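The next block holds one structure in the form of structure tokens; read it before the comments.
The values are calculated or read from the model by the stated rules, or taken from the named source; none is laboratory data. Computed from a prediction, not measured in an experiment: that's the story for all the values here. Here the Cβ is made from the backbone with ideal geometry for all residues, glycine too, and neighbour counts use every protein chain on show.
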Amino acid sequence: MNNPQLDADGRLRHLLSTEGLPKKILNQILDTAESFVGVAEREVKKVPLLRGKTVCNLFFENSTRTRTTFEIAAKRLSADVISLNVNTSSQSKGETILDTVDNLIAMHADMFVVRHSQSGAAHFIAKHVPEHIHVINAGDGRHSHPTQGLLDMFTIRKYKPDLHNLRVAIVGDVLHSRVARSEIHALTTLGVPEVRVIAPKTLLPAQVEKLGVQVFHDMKAGLKDVDVVMMLRLQNERMNGAMLPSVQEYFKTYGLTQEKLNLAKPDAIVLHPGPMNRGVEIDSSVADGKQSVILPQVTYGIAIRMAVMAMLAGGQISGNQS
Amino acid sequence: MTSKNSNLPDAEELLITLAQKLKPLLQKNTALVGIQSGGVWLMQRLLVLLDSTITAHAIPHGTLDVSFYRDDYAQRGLKTENRPSQITFDVENKHIILIDDVFYTGRTTRAAMNELFDYGRPASIALLALVNRGGRELPITPQITAADIQLTAAQNLQLLQNTDGTLRLELKLAPPSTHQAQHTHE
């Protein structure tokens, strides 16, 4: 089956999921992002790569951090950025997604950054657009959130460069989490030897071990000797169903406290994709503690998004050329 | 498709000439900036050759990867291997000496100047190149070179680094579609 994310020459055409992306491309994104980290430290925080291009942020679902970092990333590449909060505009008037997209193409948009509550929405748009237009998935339903997965990999690599020698635990609501799926695919593709998921049975997808992870239901066993703890957001709306007894109960069993974190390696780092529920999945003292790399994640998120947009807009030439 | 290089100058000899020409220009407010990757190799060698002068004047140095600033980015895209630019000193009011290996169209220099200005406002920028191979397309020319050679657009002069760190020049046939901007670096 052909991979809609790659063109005939194996170059990145759309970024829809970390699943199915070859290790070479993942590493290329991470390496390119490395070059963009420094841009933020200059007097002029801009490079002219996307000058004259128009990036459309199409957000059918709310998001502050992701939309803002995509906007900043596009602007630092000198693109023009339009952010549409589609909930409040044409969709409420009954326009279909593809009509919205076609109208923006008629306005000469060059790239779409799409977030939607339905899994597969970004794929759907990517299949529809003409060849010169690129689509980036900024989160679709429970399926995928590839730039989050990639920025997590970038953050881990910054603190723990030897990925082939790591034990990583993903903790929390794996069932509903597109972030967890993107992380798991990226971690296994990049060769991290041991990926664990820690969650109650009700918050794990069926046959999750087939993704190449070890399953734990107990924090104490699961966190033992890990190098990286990746927390997931517990979505409050899940509480209304019968999946969990109560927030207090969840915090007691699966909330990350310093005491539980002490079971991991002493130099273990803690990640969280945000927004955090303090006192639900993570204790404030851990979130603000010295093992937390939650704010660096946000900073690196801009570099990752710049790298992805730059690679899509310019294609990539294999080999070394000046 | 490498032709015999018998009539090409020896890069190591040119390097010595270049160091001699550069030495009198170094002063307190000078900074060296090598353009990836050949310009960086040259700079590293020059730093060693001119060590006493560089140290005496406390001359800072840095590197530029101009791929994000190239005018042909949309056609050429990114290299698979990017080396971040590293300018750790304050560019403001410095006399910058840009170092490139082979000067050809001038487009790399233009990109490098644009990037430098995003770090601050230098007092001046001069360009040093090991070889000027002719064929400039912009009103830019190097102030300091060790050799001038006239080559055709079908020829591609590259500076290469041997495993022991020494440098050599090689003449290749340029790929037809990219010869306009193609020069140096491997």
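The table below gives the values:
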item: Count of residues meeting criterion [surrounded by fewer than 19 Cβ atoms within 10 Å (Cβ to Cβ), without any contact (Cβ under 8 Å) to a residue 60 or more places away in the chain, within 14 Å of chain A (Cβ to nearest Cβ) and under 30 Å from B:Asp148 (Cα atoms)] in the stretch B:46-80; result: 2
item: Every residue from the stretch B:118-144 that is without any contact (Cβ under 8 Å) to a residue 24 or more places away in the chain and within 14 Å of chain A (Cβ to nearest Cβ); result: B:Asp118
item: Meets criteria (surrounded by 15 or more Cβ atoms within 10 Å (Cβ to Cβ) and either of a type in the set (Val, Ile, Thr) or not in a helix (DSSP H, G or I) (or both)) for B:Gly34; result: yes
item: Residue within the stretch A:170-177 that is out of contact with any helix residue (DSSP H, G or I) (no Cβ under 8 Å at 6 or more places or on another chain), modelled with pLDDT under 95 and under 29 Å from A:Asp218 (Cα atoms) present; result: yes
item: Members of the stretch A:53-91 found to be farther than 17 Å from A:Thr147 by Cβ, at pLDDT 95 or above and either assigned to a helix (DSSP H, G or I) or not assigned by TED's automatic domain parsing to the domain that holds A:Ser35 (or both), listed by number; result: none
item: Number of the condition not met by A:Ala33 [criteria: (1) touching a strand residue (DSSP E or B) at 6+ places or on another chain (Cβ under 8 Å); (2) aliphatic (A, V, I, L, M); (3) within 13 Å of another protein chain (Cβ to nearest Cβ)]; result: (1)
item: Selection status of A:Phe60, in contact (Cβ under 8 Å) with a residue 24 or more places away in the chain and facing chain B (nearest Cβ under 9 Å); result: no
item: Residue list for the stretch A:36-48, restricted to those being at the interface with chain B (Cβ under 9 Å from one of its Cβ atoms) and either under 16 Å from B:Arg83 (Cβ atoms) or in contact (Cβ under 8 Å) with a residue 40 or more places away in the chain (or both); result: A:Phe36, A:Val37, A:Gly38, A:Val39, A:Val47
item: Residues that are out of contact with any strand residue (DSSP E or B) (no Cβ under 8 Å at 6 or more places or on another chain) and at pLDDT below 95, drawn from the stretch B:138-174; result: B:Gln150, B:Thr152, B:Ala153, B:Thr163, B:Asp164, B:Gly165, B:Thr166
item: Qualifying residue in the stretch A:75-84 (condition: within 24 Å of B:Phe68 (Cβ to Cβ), surrounded by 19 or more Cβ atoms within 10 Å (Cβ to Cβ) and touching a Pro at 6+ places or on another chain (Cβ under 7 Å)); result: no
item: Tally, over the stretch B:86-104, of residues that are farther than 12 Å from B:Leu64 by Cβ and surrounded by 19 or more Cβ atoms within 10 Å (Cβ to Cβ); result: 6
item: Residues of the stretch B:117-144 classified as assigned to a loop (DSSP other than H, G, I, E, B) and among the hydroxyl-bearing types (Ser, Thr, Tyr), total; result: 2
item: Condition broken by A:Leu150, with the remaining ones in (1) free of Cβ contacts under 8 Å to residues at least 12 places away in the same chain; (2) assigned to a helix (DSSP H, G or I) satisfied; result: (1)
item: Unmet criterion (only one of (1) within 30 Å of B:Leu173 (Cβ to Cβ); (2) at the interface with another protein chain (Cβ under 9 Å from one of its Cβ atoms); (3) outside any loop (DSSP other than H, G, I, E, B); (4) without any contact (Cβ under 8 Å) to a residue 60 or more places away in the chain) for B:Asn114; result: (1)
item: Qualifying position, being outside the structural domain of A:Thr66 (by TED's automatic domain parsing), more than 21 Å from the chain's Cα centre (by Cα), farther than 24 Å from A:Pro22 by Cβ and not hydroxyl-bearing (Ser, Thr, Tyr), among A:Met243, A:Met231; result: A:Met243
item: Among residues of the stretch A:258-275, those that are of a type outside the set (Val, Ile, Thr) and either assigned to a strand (DSSP E or B) or modelled with pLDDT under 95 (or both), counted; result: 3
item: The stretch A:19-29, subset in contact (Cβ under 8 Å) with a residue 12 or more places away in the chain and out of contact with any Leu (no Cβ under 7 Å at 6 or more places or on another chain), residue farthest from the other protein chains (Cβ to nearest Cβ); result: A:Glu19
item: Hey, A:Arg51 within 14 Å of another protein chain (Cβ to nearest Cβ) and surrounded by fewer than 16 Cβ atoms within 10 Å (Cβ to Cβ) or not; result: yes
item: Scope the stretch B:145-168; condition closer than 23 Å to B:Gln86 by Cα, more than 14 Å from every other protein chain (Cβ to nearest Cβ) and in a strand (DSSP E or B); matching residues; result: B:Leu167
